[in-house]
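Here the structure is laid out as structure tokens; the discussion comes afterwards.
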Amino acid sequence: MNPTDLQLVRATPLFAGLTDEQMDCLDGGEIIEAPKGTVLATEGEKTGYFYVLLEGELRITRTYDRQSILMGVSKPGNYTGETVLLLDIPWLAAVRVSKPARLFRLDEDHFWRMMTQCRSVAREIFRSAANRMRNMEGYSQQREKLVSLGTMAAGLAHELNNPAAAARRAAAHLHETTDKVQTLLCELSEKLELDHWRQLLEADADATQRLARAPVLDHLTRSDREDIIASWLAAHDVPTPWELAPTYVTAGLDSAWLEQLAAILPAASHADAFSWLESRLGLRLLLSQVEQSTGRIAELVKAIKSYSYMDQDQSPMLEIDIHEGLESTLTMLSHKLKNVTLVRAFDRSVPRIMAYGNELNQVWTNLIDNAIDAVKGTGKICIGTCQEDNQLVVEIVDYGTGIPPEIQSRIFEPFFTTKGVGAGTGLGLIISNRIVGDRHGGEIEFESRPGETRFKVRLPIHREQPAPAAPSELDAVPSGNQVP
């Protein structure tokens with residue numbers, strides 16, 4: 001570097017305190033010029049350079065859930081790249097020149113030479129790197145929660161829409177069927193005597209009882225029976241026999257039953273009587289659909305409240321049944337489990353424990369979601385509970401490809417992920433580990449081989465309530481645009 005460039009570098013806050021004797025720690029550095037649009041670093045790659053911005057502007061972005069999020073804007077005097085070199089990790093964000101820039105650049109060897117020779121510079125870089133990693137982790141944790149919440153909200157919207165739509169369709173058909181029953185009643189009042197009404201009502205009661213205990217038929221059997229019933233109705237001049245037949249088959253009625261009823265009713269009433277009877281059975285089927293649909297909606301709402309502990313004080317630990325949290329989590333993830341073979345191996349005799357239920361649900365969500373990804377949404381997952389000594393154990397097993405041995409030692413590292421860029425924050429397991437270890441005095445252990453991965457969460461059954469978690473642990477929000 002020429003003297004002018006050297007003075008420009010020395011004028012930056014990082015190097016302003018260097019004496020003339022210490023300036024040789026900058027040996028090996030170079031001044032580079034980068035036009036607007038130049039990409040200095042791509043998320044996920046290892047470039048091995050440390051940059052100090054002398055002129056211009058840099059924009060730093062990170063991909064979350066396939067969206068590029070602006071993390072910060074670097075001005076002259078700012079530096080970047082130190083965490084990549086200090087921790088020997090890929091870039092956690094992308095760095096792009098937004099205004100024509102001049103930068104002081106050091107490669108990895110000369111960066112470490114500077115760190116060993118200039119203690120004041122090393123101290124400032126270590127302090128800055130620690131703050132940046134803390135802020136990045138806090139921001140990423142918040143994004144992790146938001147992404148998880150968004151995924152669950154989308155899944156729940158789908159799950160709620162199905163029963164809601166079914167209930168709405170049933171309600172619309174109820175209006176039509178009710179009107180039809182009233183119209184047929186008026187017609188039958190002119191054709192039936194009192195004794196005939198009594199026999200028709202008895203037949204209606206018997207058909208209702210048969211409906212309640214009718215077995216579910218396979219498609220072929222059902223189709224054959226509908227053909228027989230429809231032919232019988234057509235032979236007795238009942239209108240739209242093919243529309244009425246499915247209801248009679250659902251109720252478990254056959255042509256012999258219909259023939260017995262026809263024998264005691266006037267022939268002139270057959271069309272209206274059998275249409276009225278079908279409508280009465282249809283009303284009960286529609287009411288059953290409404291009941292099932294609204295029951296499913298209530299079940300989903302209950303699962304949401306249980307998952308988030310909406311009805312309970314969030315501050316203290318609560319005595320919880322671990323299975324309730326697991327079941328509510330499975331309900332929240334049900335849209336991802338549709339093609340997964342799920343095996344429950346619960347020991348219902350395990351005792352209730354004192355715990356932060358909503359935080360443990362976050363652990364179950366992370367581990368089960370990882371298992372779903374491991375089996376690519378179509379394999380087998382087993383979830384079990386048991387008691388071992390003074391610990392309650394929750395085991396989540398997936399039969400996917402397994403975790404490669406060379407990365408098993410790194411899965412609890414911050415920002416480490418095997419997913420593609422933007423598909424994961426790399427914080428799910430470390431957050432889970434902190435919740436289990438720091439908040440509950442437990443531990444997470446795992447073992448993995450090709451075709452099987454087991455995660456065991458061990459929670460103490462008897463434990464005193466710890467102090468509340470510091471905000472920076474689980475809910476830290478970065479105060480500025482700090483970027484590693």
Item to check | Residues satisfying the stated conditions in segment 39-76, i.e. among the aliphatic types (A, V, I, L, M) and buried (at least 17 other Cβ atoms within 10 Å of the Cβ) | outcome: LEU40, ALA41, VAL52, LEU53, LEU54, LEU58, ILE60, MET71
Checklist entry - If you take the residues in segment 1-39 that are more than 19 Å from GLU124 (Cβ to Cβ) and hydroxyl-bearing (Ser, Thr, Tyr), which one is nearest to the chain's Cα centre (by Cα)? => result THR38
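Anything in segment 246-256 that is surrounded by fewer than 21 Cβ atoms within 10 Å (Cβ to Cβ) and touching a residue at least 12 places away in the same chain (Cβ under 8 Å)? List them, or say none. Let's see the steps before the verdict.
The first filter runs over segment 246-256 and keeps only residues surrounded by fewer than 21 Cβ atoms within 10 Å (Cβ to Cβ), leaving 246, 250, 252, 254-256.
Result: PRO246, THR250, GLY252, ASP254, SER255.
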Next on the checklist: For segment 353-402: of the residues being over 27 Å from GLY441 (Cα atoms) and of a type in the set (D, E, K, R), which is farthest from the chain's Cα centre (by Cα)?
Outcome noted: LYS380
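Hey, can you tell me all the residues within segment 212-227 that are among the basic types (Lys, Arg) and either loosely packed, with under 13 Cβ neighbours inside 10 Å or in contact with a His (Cβ under 8 Å, 6 or more places away or on another chain) (or both)? Don't jump to the end; show me each part of the working.
Just the residues of segment 212-227 that are among the basic types (Lys, Arg), to begin with: 213, 222, 225.
Within segment 212-227, just ARG213 meets the criteria.
Which one of GLN182, GLN209 is farther than 30 Å from SER432 by Cβ, at pLDDT 80 or above, under 47 Å from the mean Cα position of the chain (by Cα) and open to solvent by 50 Å² or more (accessible area, probe 1.4 Å)? Step through it out loud before you land on a result.
Values: GLN182 fails: under 47 Å from the mean Cα position of the chain (by Cα).
When all the criteria are applied, what remains is GLN209.
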Checklist entry - Among strands (runs of 3 or more DSSP E) lying entirely in segment 279-357, which contain 1 or more residues that are at pLDDT below 90 and open to solvent by 20 Å² or more (accessible area, probe 1.4 Å)? => result 318-320
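Output the residue which, of all residues in segment 196-211 that are in contact with a helix residue (DSSP H, G or I) (Cβ under 9 Å, 6 or more places away or on another chain) and without any contact (Cβ under 8 Å) to a residue 24 or more places away in the chain, is farthest from LEU285 (Cα to Cα). Before the answer, list the steps.
Just the residues of segment 196-211 that are in contact with a helix residue (DSSP H, G or I) (Cβ under 9 Å, 6 or more places away or on another chain), to begin with: 196-197, 199-200, 203-204, 206-208, 210-211.
If we keep only those that are without any contact (Cβ under 8 Å) to a residue 24 or more places away in the chain too, we end up with 197, 206.
Working: TRP197: 23, ASP206: 15 Å.
This residue is TRP197.
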Checklist entry - THR425 is checked against (1) at pLDDT 75 or above; (2) β-branched (Val, Ile, Thr); (3) surrounded by 18 or more Cβ atoms within 10 Å (Cβ to Cβ); (4) in contact with a Phe, Trp or Tyr (Cβ under 9 Å, 6 or more places away or on another chain) and fails just one. What number does that condition carry? => result (1)
Next on the checklist: Condition first: loosely packed, with under 14 Cβ neighbours inside 10 Å, over 25 Å from ILE60 (Cα atoms) and either touching a residue at least 40 places away in the same chain (Cβ under 8 Å) or among the polar types (S, T, N, Q) (or both). Now tell me which residues in segment 8-38 satisfy that.
Outcome noted: GLY17, THR19, ASP24, ASP27
Item to check | Selection status of THR61, over 14 Å from ALA93 (Cα atoms) and among the hydroxyl-bearing types (Ser, Thr, Tyr) | outcome: no
Checklist outcome for this item: Expected single match for open to solvent by 60 Å² or more (accessible area, probe 1.4 Å), over 26 Å from ASP24 (Cβ atoms), at pLDDT below 85 and in a helix (DSSP H, G or I) among ARG134, ARG143 is ARG134
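The values are calculated or read from the model by the stated rules, or taken from the named source; none is laboratory data. Just so it is clear, the model here is predicted, and its values are computed rather than measured. Quick reminder, even Gly has a Cβ in these numbers, built from the backbone with ideal geometry, and neighbours come from all protein chains shown. The protein model used for the area step is the full one, side chains on, heavy atoms only, and it has no ligands, DNA or RNA in it. Shrake-Rupley method; radii C 1.70, N 1.55, O 1.52, S 1.80 Å.
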